[in-house]
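We did not get these values from a lab; they are worked out from the coordinates using the rules stated. All values derive from a computational prediction rather than experimental measurement. Cβ placement follows ideal geometry from the backbone for every residue including glycine, while neighbour counts extend to all protein chains displayed.
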Amino acid sequence: MTYYAVIDTNVFISALLSKNSDSATVKVLRAIIDGRIVPLYHNEILAEYDEVLHRGKFHFKEKSIQMVLRAVKEFGVEVFPQPTGEILVDMDDLIFYEVAMEKRDDDAYLVTGNQKHYPIRDFIVTAAEMMEIIQEREVTDG
């Protein structure tokens, strides 16, 4: 089964910084590449990924940044959301929320390390929670 999910930038940052190949954020990135998670994106989201992942403080290799951007574009679905009127703590996060909301009919998730930036909704999950959802379904579907 595949899952639609908007991946917050902080999840990719954590995945690229992680020394633990078993961390939830690394597993989310792997799930995108192996087709279990279909990333949802918009040009504003791609622009944020590109800008933030290139910040000098992270020291990410260009190859790693391009791998993330390519994976999202190659395996993902571009979404053009309708405005929700939602007011968030950080309005820069609004596009992530609105893309997820646009695809809620497809059970889309928003995967983030900053749940406090969003309203409390059952589809806004951490990387660990997203991997639990996938693993539980795989066990059930067997």
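General observations
- Flag if residue 95 is surrounded by 15 or more Cβ atoms within 10 Å (Cβ to Cβ) and of a type in the set (A, V, I, L, M): yes
- Residues satisfying the stated conditions in the stretch 117-142, i.e. over 20 Å from residue 15 (Cβ atoms) and loosely packed, with under 13 Cβ neighbours inside 10 Å: 119, 120, 122, 136, 138, 139, 140, 141, 142
- Criterion: farther than 25 Å from residue 137 by Cα and of a type in the set (Phe, Trp, Tyr) - qualifying residue of 12, 75, 60: 60
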